[in-house]
Amino acid sequence: MKTAANYDFNGKRALIRVDFNVPLNSEFQITDPTRINAAMPTINKIIADGGSVVLMSHLGRPKEGPEDKFSMKHLIPYLKEVTGKEVKFGEDCIGEEAFELSANLQPGEILLLNNLRFYKEETKGNEEFAQKLAKHGDVYVNDAFGTAHRAHASTTIVAQYFAEGEKMFGLLLGKEIEAMDKVLKESKRPFTAILGGAKVSGKIQIIENLLEKADNIIIGGGMMFSFVKALGGKIGNSLVEDDYLELARMTMKKAADKNINIYIPVDAIEADAFDNNANRKEVAADAIDDNWMGLDIGAKSMADIEEILMESETILWNGPMGVFEMENFAAGTRFVAETVAKATANGAFSLIGGGDSVAAINKYELKDKVSYVSTGGGAMLEYIEGKELPGIKAIRG
């Protein structure tokens, strides 16, 4: 795999697609710099080699051309702080001034281009726009996994204007692909996937693809109740997608035919309202009381899940087990997070992906206790679904 790790950038201008779509407060200060920090190893490597850096990204969703609140200039103070360097700024990403700045970049210098989405051509994957962006660099580096599933000008189309040896993955994107391939293409058995979250509809393609790869699929969160109801259980007011009950039944039959264990939690914490302070009790998952709803998994399910995970060599976790934002319904998610960490310490390879799972791992301070935490929610989900991501294909072929 061609990555920045095995390329010498000495004397080269590297055009890097980064994901600097970070949250800003009303004073335009960055409230969570995780995405910028994640790109620093690639930036530092290029500068250490004696190269210069041209950074391009989108920020927010500008509607009609330039908007001050979405200007990349707001990121300059933080970029200066983390790089220890002056950061030049191209007000118009394909304007003459920006081209002059990139053409005159000296080794060790950094240029930040303004928001790519100030041009509609970016999201449309316009070739002429991509060709103009390509003029900013001698080599192209894609380090934005979060946008690798989009065929946008800067993530995909631009790569065609660079020769085979002059386009590559950044260190972050390279690690993402390596971690996902380790789970989906080179997994050690038993391989267990834990899928949670609200809806079956959002995960059905993932389940389909995992039926070809996993030994165990653990279903949790609100989506478990569609499976419970499909099996004839009583779910009260729990979240359910009635349109997917037949599909849930077919999925379980398919899994049984392939000798794959689909584990549906056997007990749940039910509540009489969607509220942290609601009355709650532990019941069988298929015997939720009328007008009550299941908001977390119960103790027996946790014990079963622990047994499965501690025997696993590869673990993929996407989605919480319950409404973990409410402290009284967070026990299942916390238990799974801690058990995945315990299995990792035991030698398993664990990949965590998807906003809520990542939030849970961070909330319980377990990031350093699992093998890899993915930075790309939608992109990772599409990769697990078995889709070819255009941003990866543009470089890998």
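Residues checked against (1) hydroxyl-bearing (Ser, Thr, Tyr); (2) modelled with pLDDT of 95 or more:
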| site | (1), (2) |
| --- | --- |
| LEU112 | no, yes |
| GLY146 | no, no |
| ARG150 | no, no |
| THR156 | yes, yes |
| TYR161 | yes, yes |
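Report, by residue number, each residue of segment 213-230 that is in contact with a Lys or Arg (Cβ under 8 Å, 6 or more places away or on another chain) and not in a helix (DSSP H, G or I).
ASP215, GLY222, MET223, listed by residue number.
Okay, residues lined up against (1) crowded, with 23+ Cβ neighbours inside 10 Å; (2) closer than 16 Å to VAL139 by Cα; (3) β-branched (Val, Ile, Thr):
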{"residue": "VAL18", "(1), (2), (3)": "yes, yes, yes"}
{"residue": "PRO33", "(1), (2), (3)": "no, no, no"}
{"residue": "MET56", "(1), (2), (3)": "yes, yes, no"}
{"residue": "GLU64", "(1), (2), (3)": "no, no, no"}
{"residue": "LYS88", "(1), (2), (3)": "no, no, no"}
{"residue": "THR123", "(1), (2), (3)": "no, no, yes"}
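Does GLY322 satisfy the criteria of being crowded, with 20+ Cβ neighbours inside 10 Å, farther than 23 Å from GLU178 by Cβ and either out of contact with any Leu (no Cβ under 9 Å at 6 or more places or on another chain) or of a type in the set (D, E, K, R) (or both)?
Answer is no for this residue.
Tell me yes or no: at least one residue of segment 177-185 is in a loop (DSSP other than H, G, I, E, B) and modelled with pLDDT under 95.
Yes, some residue in segment 177-185 is in a loop (DSSP other than H, G, I, E, B) and modelled with pLDDT under 95.
The values are calculated or read from the model by the stated rules, or taken from the named source; none is laboratory data. From a predicted model like this one, the values you see are computed outputs, not experimental measurements. Cβ: placed from backbone, ideal geometry, glycine included. Neighbour counts: every protein chain shown.
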